[in-house]
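The values are calculated or read from the model by the stated rules, or taken from the named source; none is laboratory data. Treat the numbers as computed from the prediction; the structure is a model and nothing was measured. Here the Cβ positions follow ideal geometry from the backbone for every residue, glycine too, while neighbour counts run over all protein chains shown. For accessibility, only protein heavy atoms count, side chains too; no ligands or nucleic acids. Shrake-Rupley method; radii C 1.70, N 1.55, O 1.52, S 1.80 Å.
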Amino acid sequence: MTDVTKEDVLSQLAKVRGPDLEGNIVAMGLVSEIMIREGTVTFAVMIDPARAEELEGLRQAAERAVGQLDGVKRVIVALTADTVAAGPRAPTAATASAQSGTRARTISPPGQASPPAAPRPAPALRQGGPVPGIRHIIAVASGKGGVGKSTTAVNLALALQAQGLKVGVLDADVYGPSMPRLLGLKGKPQTAGGRNLIPLEAYGLKVMSMGFLVDEETAMIWRGPMVMSALTQLLREVVWGELDVLVVDMPPGTGDAQLTMAQQVPLSGAVIVSTPQDLALIDARKGLSMFRKVDVPVLGIIENMSYFICPSCGERSEIFGHGGARHEAERLDLPFLGEVPLDIAMRERSDAGTPILATDPGSIHTRIFLEMADKVWRQIAGSGASAQRPPPRIVLE
Ligand code: ADP
């Protein structure tokens with residue numbers, strides 16, 4: 001296969017006309033730095049944010065033009081309001097805070113792969129080589145926010161650790177990181193050897209989160225290619241050491257950004273968290289189809305806030321009509337991992353940074369999470385699936 005060069009990409013982009021059909025986007029200086037990795041070409045086109053919707057056609061034209069080159073498997077183009085000089089690369093994670101004055105404001109998420117022309121090989125859907133030292137990476141995802149995905153990710157990680165495994169947590173929710181709060185972690189990671197970050201530690205877990213590096217407001221506006229770049233750094237430029245499992249807390253939802261992440265991270269499998277309500281279940285189905293698209297096995301569904309246990313009398317009531325996720329899992333032929341009750345202690349401990357698994361070993365939650373962790377681990381350990389894939393690992397500069 002021919003190696004695509006930046007020059008090839010630029011000459012294709014020179015055929016794409018600018019926003020008002022005057023000049024081409026290269027001559028007008030609207031194209032950012034171009035990244036090429038394993039046949040995937042990523043760049044941004046700078047536009048006026050007010051015209052983002054109207055210029056979607058331009059984005060697609062740029063995507064198509066580059067997709068026609070031999071050797072291109074996938075094209076990711078974002079419209080951005082960033083200055084071209086800053087490019088689509090995120091500032092390095094360690095300096096993100098300092099550089100927040102020049103942050104990119106990408107208007108639309110990166111587009112999906114252009115369908116390849118007939119003779120070209122099918123696009124490689126999963127990207128990103130293995131992460132040295134990490135045996136398995138699993139994603140915890142949800143169709144929407146507020147279903148308890150992050151709380152579940154933390155407690156599942158602790159339950160896996162309770163099985164004697166070495167476990168880390170990567171908070172991939174760069175829009176709204178919650179690991180600092182859920183694990184009571186403050187402070188900035190140190191660097192090792194000038195570049196790689198040393199993860200923080202809580203309850204024996206190694207933890208990395210954008211929340212350690214930037215303030216909440218900055219994290220919220222990271223978009224498109226910046227998000228991908230930031231995630232790559234949080235995953236790959238971290239001294240994780242040897243881990244049996246890295247649990248990735250995905251951003252809520254099943255949009256383009258989540259899909260891109262699922263492709264960028266070499267996942268052994270994914271767990272979907274849902275509440276019993278119908279709406280959340282519909283979203284969970286979207287989550288399932290997202291992981292299927294990128295060929296990541298779904299290890300099962302967890303129903304959170306499944307039923308309510310009265311704190312004073314211990315009585316169980318099914319306020320949201322429990323059981324929907326189990327039913328849905330059966331229908332979709334997926335493992336059902338378990339039901340986690342809605343419980344005030346769970347909320348209080350979670351929000352105080354003292355997760356229930358670590359601080360109340362005798363609770364019903366602990367038993368439930370241990371069972372779920374067992375089901376998850378059996379699947380990934382037994383399947384022979386591994387985060388390890390053959391080198392070479394290509395490093396973006
Ligand atoms: P998400 O990651 O889906 O946005 P979070 O994990 O941040 O959700 O949880 C949202 C809120 O719900 C938090 O206040 C959390 O403490 C609470 N919560 C999550 N699961 C439970 C549960 N089983 N019982 C009670 N509160 C819960």
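Observations, loosely collected:
- Once backbone amide H atoms are built at 1.01 Å from N, residue 307 has 342 as its partners under 5 Å, excluding neighbours fewer than 5 places away on the same chain.
- Overall form of region 21-82 per C-alpha gyration tensor (a/c, 1.5; a/b vs b/c): prolate
- Label-to-label distance, residue 282 versus residue 242, with points set 7 angstrom from Cα along the beta-carbon direction: 4.9 nm.
- Gain on full extension, evaluated as 0.36 nm per residue between residue 374 and residue 24 minus their Cα-Cα distance, stands at 120.3 nm.
- Cβ-derived FRET efficiency at R0 41 Å, residue 5 paired with residue 327, nearest 0.05: 0.20
- Per-residue ³J(HN,Hα) for region 149-163, Karplus 6.51 cos²θ - 1.76 cosθ + 1.60, θ = phi - 60°, Hz, x for Gly and Pro: 4, 5, 4, 5, 4, 5, 6, 5, 4, 5, 5, 5, 5, 5, 8
- Spread of Cα-to-Cα distances over 5 Å intervals beginning at zero, given as percent, for region 134-381: 1, 7, 15, 19, 21, 17, 12, 5, 2, 1, 0, 0
- Gain in span if fully extended, residue 14 to residue 51, counting 0.36 nm per residue against the direct Cα distance: 11.2 nm
- FRET efficiency, residue 37 to residue 381 (Cβ-Cβ, R0 35 Å, nearest 0.05): 0.70
- For residue 175, the accessible area of its heavy atoms, probed at 1.4 Å with every protein chain present, is near 50 square angstrom.
- Considering only alpha-carbon pairs that sit under 8 angstrom and 6 or more positions apart, the relative contact order computed for region 248-301 is 43 percent.
- Only protein heavy atoms count here; on that basis, with a 1.4 Å probe, residue 363 has an accessible area of about 20 Å².
- Accessible surface, 1.4 Å probe, highest first, among residues 171, 333: 333, 171
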